[in-house]
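The structure appears below as structure tokens.
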Amino acid sequence: MFHPTSSPIPNLAPSPRPSPIPSALDTPNATHLSPIRAEPADGLFSSGSPPLGSPPFILIVDDERNLRRILSQAMRAEGYAVETASNGEACLGFCQQRLPDLILMDAVMPEMDGFTCCEILQSRYGDRCPPILIITALADTPSVERAFAVKAVDYVTKPIHWAVLRQRVRRTLQTQATVQELRQARQEIWELRTSLGKLSRRIAQTIKASCRPLHR
């Protein structure tokens, strides 16, 4: 006859859920952000195309190291992959190896400023040029006007409002993804039309060749 043992009944109550980690962009004061555990050194980058399904890749270009670190931490907290460059020349060298999905570029930097770098990127890559957000001073109207003149898609003012930055980055990446889908669709349509044209010519040639004996 079966006799139940006196072993204690295990506790089946669910474990308490961990508290959500707050986003760095929701931090009201940037100085309260925790230090970055591992920021890539300037000038180091991964060559080649990102793997499928990888997060959007952002290049931060600013000569102020502290701002680069804060921006890097904020963007990583939003789930983006991030690399940094300290000036326009470094940005151009980086893009020769791998084009980012978006560039956050300071307007005023030594050696090569953001406007000049933006112009070179636009002339060098054309439709393939990543969207560029210019970072400029709050009351610097000429810089804002020049940013649009060199085909930057938008601008971010200093001091940076993190909620605004988050929304502008997200909106720019969504717009860029839509543009790329449209370009891909246009390319596929062109290839299809080309294939149909070749097929039509082959059919016409076949019909013409098959009709020749009837005219003899």
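Every number in this text was worked out from the coordinates using simple rules, so none of it is lab data. In this text the structure is predicted, and so the values were computed from the model without any measurement. When we count neighbours, we look across all protein chains shown, and the Cβ atoms used for this are built from the backbone with ideal geometry, even at glycine.
Based on the Cβ-Cβ distance from ASN66 to THR194, what FRET efficiency comes out when R0 is 41 Å, to the nearest 0.05?
Plugging the Cβ-Cβ distance into 1/(1 + (r/R0)^6) gives 0.20.
Calculate, in nm to one decimal, what ARG170 and ASP154 gain on full extension: separation in residues at 0.36 nm each, minus their alpha carbon distance.
Extra length from ARG170 to ASP154 when fully extended: 4.5 nm.
Which of the lysines could a cross-linker span from LYS208 if the Cα-Cα distance has to be under 17 Å and same-chain partners fewer than 8 positions apart are dropped?
Excluding near neighbours in sequence, the set is LYS198.
What residues have an amide H closer than 5 Å to that of TYR155, excluding those fewer than 5 places away on the same chain, when H is modeled at 1.01 Å from N in the peptide plane?
ILE134
Using the Karplus curve 6.51 cos²θ - 1.76 cosθ + 1.60 with θ = phi - 60°, what ³J(HN,Hα) values do you get for each residue of segment 60-69, in whole Hz, with x for Gly and Pro?
9, 10, 7, 7, 8, 4, 5, 5, 4, 5
Starting from the Cα of GLN187, step 7 Å along the direction of its Cβ; do the same at GLU145; then give the gap between the two resulting points in nm.
3.8
Over the C-alpha atoms of segment 100-216, what are the Rg and the largest Cα-to-Cα span, Dmax, in Å?
So, for segment 100-216, Rg and Dmax equal 24.5, 87 Å respectively.
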